[in-house]
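Worksheet for the structure shown next.
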Amino acid sequence: MKLMQNTLTMRIEPAQGKVYSIDVDVEQIGLSRHAGRDIARTRADLETVRHGGCAIHDAAGVCLKSRCLLTNERAIEVQGPQTSGEVEFVAIRHAGELFISVGSDHNDRSIDQMWTEMLGKVSDTAKSKQMAPAVVATTAWRYEDIKAHWDGIALNSYVTIDDRRVAYQAFTLGDLLDLEYYLALGDWLSADGSVLFGGSNHLLPTIPSHVFQMQRSAEGVVFPDDFQFEMIDSILSRRIEHAYTIHALEPPGSLSL
């Protein structure tokens, strides 16, 4: 059976040598669940969720996403307006080599937590991730060039609120499980065309209170209609930046499910 094809062109910036391009035939996309480096603390937080009556996956693992939903365009369409992005490192296997970029695992926040008669009360993001594209920058670095100083690489994200750029996230890769953890989980990332979004971290406490920051209710909450993100390598004095706008098919205030 032949599945839908998705090919992304990436600009590769090696630490030494000339810039070049690759065409990645996307075969599978993995999305990290519960990606904090401190797994014991994460598991304690998950137990709190379970005591609240929700089934939830253990830390840390990977769920899969349809290959057709990966893009490096600068605009995406989503069903309803209650969506938001998360900055993450992105690992890409191509021609036997690993490349690292930065992306956003966009989510439909209206279905993060669901209840059905069949499954009961479930807290999981797999379906909310499947409801929106995942965006990756057009530039990547060789993993071997940054492996030795991985933990110090910074990820930042921003949104626009009332015509003002607002800092949304700021952390380093040292806060997350590293790529070696995922490589040890199994051999799927060894296959060409495999793409991994490596998880995200907390939002900044300085975000205005009316802006979405994982509130359970959408009442009075503004969901940004853009997302800007960057990855900074201070050792090699370089950065990767990307941004996209979000276009909802449903009007503001829509409750479509």
Looking at the range 183-207, which of its residues are under 22 Å from THR71 (Cα atoms) and in a helix (DSSP H, G or I)?
TRP188, LEU189, SER190
Picked from the range 222-257 (must be of a type in the set (Ser, Thr, Tyr) and at pLDDT 95 or above), the residue farthest from SER209 (Cα to Cα) is SER237
Exactly one condition in (1) surrounded by 16 or more Cβ atoms within 10 Å (Cβ to Cβ); (2) part of a strand (DSSP E or B); (3) modelled with pLDDT under 95 is not met by TRP141; state its number.
(3)
From the list THR125, THR83, which one is in contact with a His (Cβ under 7 Å, 6 or more places away or on another chain) and polar (S, T, N, Q)?
THR83
What residue, among those in the range 183-205 that are at pLDDT 90 or above and closer than 14 Å to TYR143 by Cα, is surrounded by the fewest Cβ atoms within 10 Å (Cβ to Cβ)?
LEU183
Out of the residues in the range 73-82 that are surrounded by fewer than 19 Cβ atoms within 10 Å (Cβ to Cβ) and part of a loop (DSSP other than H, G, I, E, B), which is farthest from the chain's Cα centre (by Cα)?
GLN79
Residues being crowded, with 18+ Cβ neighbours inside 10 Å and not in a loop (DSSP other than H, G, I, E, B) - total across the range 208-223
1
Contact list, first residue from the range 32-59 and in contact (Cβ under 8 Å) with a residue 24 or more places away in the chain, second anywhere and of a type in the set (Val, Ile, Thr) and part of a helix (DSSP H, G or I), beta-carbon distance below 6 Å, six or more apart or interchain, is HIS34/THR42; GLY36/THR42; ILE56/VAL49; ALA59/ILE39; ALA59/THR42
The condition from (1) within 19 Å of LEU155 (Cβ to Cβ); (2) in contact (Cβ under 8 Å) with a residue 40 or more places away in the chain that ASN6 misses is numbered (1)
Look through the range 43-72, keep the residues that are modelled with pLDDT of 90 or more and either over 20 Å from ASN6 (Cβ atoms) or among the charged types (D, E, K, R) (or both), and return whichever of them is nearest to the chain's Cα centre (by Cα).
LYS65
Can you tell me which of ASP105, ASP58 is of a type outside the set (A, V, I, L, M, F, W, C), under 26 Å from GLU180 (Cβ atoms) and touching a Phe, Trp or Tyr at 6+ places or on another chain (Cβ under 6 Å)?
ASP105
Please go through the range 142-169 and give me each residue that is of a type in the set (A, V, I, L, M, F, W, C) and either more than 16 Å from GLY199 (Cβ to Cβ) or touching a Ser or Thr at 6+ places or on another chain (Cβ under 8 Å) (or both), ordered by number.
ILE146, ALA148, ILE153, ALA154, LEU155, VAL159, ILE161, VAL166, ALA167
With VAL102, VAL49, VAL87, VAL24 as the choices, which residue is surrounded by 21 or more Cβ atoms within 10 Å (Cβ to Cβ), under 19 Å from ALA126 (Cα atoms) and out of contact with any helix residue (DSSP H, G or I) (no Cβ under 8 Å at 6 or more places or on another chain)?
VAL87
Pick from the range 155-177, criterion outside any strand (DSSP E or B) and surrounded by fewer than 16 Cβ atoms within 10 Å (Cβ to Cβ), ranking: modelled with the highest pLDDT:
GLY174
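The values are calculated or read from the model by the stated rules, or taken from the named source; none is laboratory data. Predicted, not measured: the structure shown is a model, and the values here were computed from it. Don't worry about glycine lacking a Cβ; one is built from the backbone with ideal geometry, like all the others, and counts go over all protein chains shown.
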